[in-house]
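K.L.:
A single structure is presented below for examination.
The values are calculated or read from the model by the stated rules, or taken from the named source; none is laboratory data. None of these values were measured; they are calculated from a predicted model. Cβ placement follows ideal geometry from the backbone for every residue including glycine, while neighbour counts extend to all protein chains displayed.
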Amino acid sequence: MFSTVAVNGEVKRWEDVRLHDFAQGFFFGAGFFTTFRIDGGTPLFLSRHLARLSASVAAYSSTVRAPPPEVIREEAVRDTLRRCLDADTALGPRFTGVGKLAASDGKLLLTLRPPSPDAERLQREGRAVDSTEPGAYRHGESTPNHKGLSYFRQYTLMASMPLLANERGHVCELPTANLFALLDGQLVTPPLDAPCLPGIIRQVLLEAGHLDGLPVVEQALPLTRLAEARACVFTNSAVLVTGVTRLLGRALPDSLSVAERMRAHVLRMAAQEP
């Protein structure tokens, strides 16, 4: 992570951020965050990220103290980001990487980090998903619909990246990504009550409704049906779309081409955002 950060729009050094200003977030995980991609100084889908973050804070207004409304507005966050990039020569106005906004204790913290070191390799080679965590979630559980600061469950599984499933044996998500499987001529992703995070890239693809003639739909996805998948990808805001080249021991070479088409669509949509 870079040293330049911002708290409620004030540009600071990371070493000057005070722990007691974020006590509820640190000690209790009482807060939410969102990570967004920055390409050449431009944040992708920022308005969508802020809308989701604000909705999560509002859903738990009795336990999470919201930042002042003026600092979480899109124009304010864009200005804060610009000032952070201008203030640090290690960043610069054409910075490409990942931004993170964390809301807790009445404050909005902006931090920045370089691109994922394996992002290009993942796009080129894809990744295997070869394990599952049955019963990791319960159907209808609402907390996975929010990206809470209490992220230890996902963090511990990042390296192995298993499929997280519910007690019904249905796919929910990956630790840091949503999943899409090509089944019956459709790109299928689990519904929010599976449960899973309403990922921003997931939302963009569902709103499109199709990809080159393939319907993009939200429906229950039993683990057993993955044996029929012709391709599989996972999506998140940092790397966009990654092909799953091996799923639970079965090779899926078509996943890379599907991921490439989905990535191109997402980037086109990002360019059209206001």
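K.L.:
Collect the residues in the stretch 40-57 that are farther than 14 Å from residue 238 by Cβ, in contact (Cβ under 8 Å) with a residue 12 or more places away in the chain and not aliphatic (A, V, I, L, M), keeping them in residue-number order.
P.N.:
40, 41, 47, 48, 52, 54, 56
K.L.:
Which of the following residues is within 25 Å of residue 145 (Cβ to Cβ), in contact with a strand residue (DSSP E or B) (Cβ under 8 Å, 6 or more places away or on another chain) and surrounded by 14 or more Cβ atoms within 10 Å (Cβ to Cβ): 48, 37? Talk me through it step by step, then tell me what you get.
P.N.:
Details: 48 fails: in contact with a strand residue (DSSP E or B) (Cβ under 8 Å, 6 or more places away or on another chain).
So the residue among 48, 37 that is within 25 Å of residue 145 (Cβ to Cβ), in contact with a strand residue (DSSP E or B) (Cβ under 8 Å, 6 or more places away or on another chain) and surrounded by 14 or more Cβ atoms within 10 Å (Cβ to Cβ) is 37.
Yes/no per residue for (1) more than 17 Å from the chain's Cα centre (by Cα); (2) in a helix (DSSP H, G or I); (3) at pLDDT 95 or above:
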site	(1), (2), (3)
6	yes, no, yes
15	yes, yes, yes
22	yes, yes, yes
37	no, no, yes
51	no, yes, yes
58	yes, yes, yes
61	yes, no, yes
67	yes, no, yes
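K.L.:
Which residues, counting only those in the stretch 69-78, are part of a helix (DSSP H, G or I), surrounded by 12 or more Cβ atoms within 10 Å (Cβ to Cβ) and of a type outside the set (A, V, I, L, M)? Lay out the reasoning, then the answer.
P.N.:
So the first thing to find is which residues in the stretch 69-78 are part of a helix (DSSP H, G or I), and the list is 69-71, 74-78.
From the residues that got through so far, the ones that are surrounded by 12 or more Cβ atoms within 10 Å (Cβ to Cβ) too are 71, 74, 76-78.
Once the filter is applied, which keeps residues that are part of a helix (DSSP H, G or I), surrounded by 12 or more Cβ atoms within 10 Å (Cβ to Cβ) and of a type outside the set (A, V, I, L, M), the stretch 69-78 yields 74, 78.
K.L.:
Test residue 81 against the stated conditions and say whether it is assigned to a helix (DSSP H, G or I) and not assigned by TED's automatic domain parsing to the domain that holds residue 145.
P.N.:
Values: assigned to a helix (DSSP H, G or I): yes; not assigned by TED's automatic domain parsing to the domain that holds residue 145: yes.
Answer is yes for this residue.
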